[in-house]
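Taking it in order: structure first as structure tokens, then the write-up.
Quick note: the coordinates plus some simple rules give every number you see, no bench work behind them. Computed from a prediction, not measured in an experiment: that's the story for all the values here. Reconstructed Cβ throughout: ideal geometry from the backbone, glycine too, with neighbour counts over all protein chains shown.
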Amino acid sequence: MIIKPLPSEVKAYISAAQGTPTPNQVIKELIENALDANAKNIEIDITSPFSFKVKDNGIGIPYEDLPNAIKRFYTSKISSLEDVKNIKSLGYRGEALYSISLVSKLTIKSRYEKEEVGGLLKSVEGKITVHKPFPFNKGTLVLVEDLFFNFPARRKGLKESKFLSFVKNLLLAYYLVYDVSFTLKTKKELFNLPFLSFKEKLNFIFQGKSFETIKGKYFSIFYTSEKIKGLENLFIVNKRPMDFKIFENKFLKNIKNFYKNIIVILDIPPAYIDIHISPYKDKFEFTSKAIEDLIKEELKDIFGKKVYPFYSKERFLLKEEQENIFDLKLLGYLDEDIIVGYTKEYVYYFDFHLIFEIYNSVFLNLDEKTACKYALVKKGKMSLEEIKEIILEVLSSGQITCPHGRPLFVKFPKKDILKKLGR
Ligand SMILES: Nc1ncnc2c1ncn2[C@@H]1O[C@H](COP(=O)(O)OP(=O)(O)OP(=O)(O)O)[C@@H](O)[C@H]1O
Ligand SMILES: [Mg+2]
């Protein structure tokens with residue numbers, strides 16, 4: 001026989017290397033477990049990115065179940081494939097504590113809400129060293145020590161300040177969408193997120209600065225025009241913090257820079273999205289194209305209006321125009337302001353001064369006056385290639401008139417011109 005099963009310690013070594021690759025991920029899993037346990041108060045104590053504990057007042061773990069908590073594919077949260085597709089809890093794989101236990105020294109203290117005494121479980125590299133009754137308040141404490149002591153290479157290149165900033169922003173995201181209070185203790189500070197209403201929490205997170213609200217069928221968006229210190233942009237989908245890049249890539253393609261800080265909350269029926277596409281649970285895909293398009297359309301419309309108050313659907317380029325305009329070839333300046341170009345069917349005269357002004361204010365987020373001055377300075381000093389890029393960017397974002405209603409271009413069918421020439 002040449003194809004043989006791996007010895008169990010090799011399997012463990014390999015899967016440890018695959019799962020939970022960063023302290024960020026490890027602490028996130030512990031916080032998620034506390035939230036799934038319905039905790040109302042969660043305390044996080046960070047000694048370093050490799051030693052920290054998370055204590056909650058949730059339902060706890062039954063004494064006899066403690067060893068199961070760190071076994072692979074053991075979970076109390078789901079029992080069928082149907083459950084996974086309609087997932088309500090943050091955890092569902094029965095994988096997190098198992099993989100964390102393989103790369104750390106783990107201590108769990110817990111008391112299940114229906115039991116009188118609690119329990120203590122300790123493990124090193126996944127092997128249980130202690131399992132005994134232990135008096136404990138209702139809830140669970142998970143202590144991770146010496147993370148990656150057996151994978152020293154994993155410890156390299158990790159900045160403590162980045163880790164702490166990640167944790168804080170993660171807590172802010174959960175804080176906003178869960179009914180929970182957090183206390184974060186680090187060597188340097190105490191970060192308290194007290195019990196508050198949703199509105200109060202928003203004010204708290206935006207540090208009292210004013211913010212705007214946009215609401216749609218499936219989403220709520222809050223944004224500021226001032227940068228909030230320490231706050232990253234948050235994207236929360238069905239109560240899960242997601243990679244903000246997904247939001248940018250999926251929904252914000254042509255619309256930039258209208259906010260300094262933004263919090264986007266999507267709430268979609270669970271069956272419409274698949275969250276099981278990344279081991280870090282921070283990415284998702286829509287399972288329904290119809291829903292994805294619906295959200296995109298709604299966002300595009302609302303963003304368009306917010307970013308550019310004179311935007312309206314009617315001013316959106318005709319579909320036919322959008323397709324043709326990409327064949328655009330520019331011939332040059334008619335005079336300083338007017339650029340002449342043509343596509344297969346039309347000859348265009350663009351008011352480049354207007355186009356450039358819009359480009360500056362919408363895409364580069366300059367105010368109107370600066371945008372106008374900037375336009376004058378740049379005029380006549382750009383290559384036709386650069387100019388074409390700007391024209392296409394502005395037109396394909398839906399603008400065909402300026403804020404005061406002046407057209408950005410006029411066009412004449414080539415066939416009319418040819419007709420007049422007797423061709
Ligand atoms: N803080 C906690 N309070 C109560 N039970 C917990 C806690 N942490 C873990 N558990 C129990 O241990 C089990 C295993 O946790 P683990 O995080 O490994 O898996 P999971 O949360 O079920 O799924 P996932 O791997 O997706 O996180 C959980 O299903 C839960 O029953
Ligand atoms: Mg979990």
Go ahead and set up a Gaussian network model of the chain, Cα springs under 10 Å, then flag whichever of 121, 392, 143 fluctuates most. 392
Among the listed pairs 88/188; 114/199; 109/168; 289/415; 105/283, those beyond 32 Å (Cα-Cα): 88/188; 114/199; 289/415
Gyration tensor on Cα atoms of region 211-307, a ≥ b ≥ c root eigenvalues, a/c under 1.5 rounded, else prolate if a/b beats b/c, else oblate, says oblate
Using the structure shown, select from 300/419; 71/217; 215/281 the pairs with a Cα to Cα distance greater than 32 angstrom. 300/419; 71/217
Got a sec to turn the phi values of region 114-131 into Karplus ³J(HN,Hα) couplings, 6.51 cos²θ - 1.76 cosθ + 1.60 with θ = phi - 60°, whole Hz, x for Gly and Pro? 9, 10, 7, 10, x, x, 10, 10, 10, 9, 10, 6, x, 9, 6, 10, 9, 8
Among 153, 34, 69, which one shows the highest mean-square fluctuation when the chain is modelled as a Gaussian network with alpha-carbon springs under 10 Å? 153
Which of 327, 45 has the fewest Cβ neighbours within 10 Å, and the rest in rising order: 327, 45
State, to one decimal in nm, how far the label point of residue 162 lies from the label point of residue 229, with both points 7 Å from Cα in the Cβ direction. 2.3
In what order do 383, 104, 165 fall by count of nearby beta-carbon atoms within 10 Å, going from fewest to most? 383, 165, 104
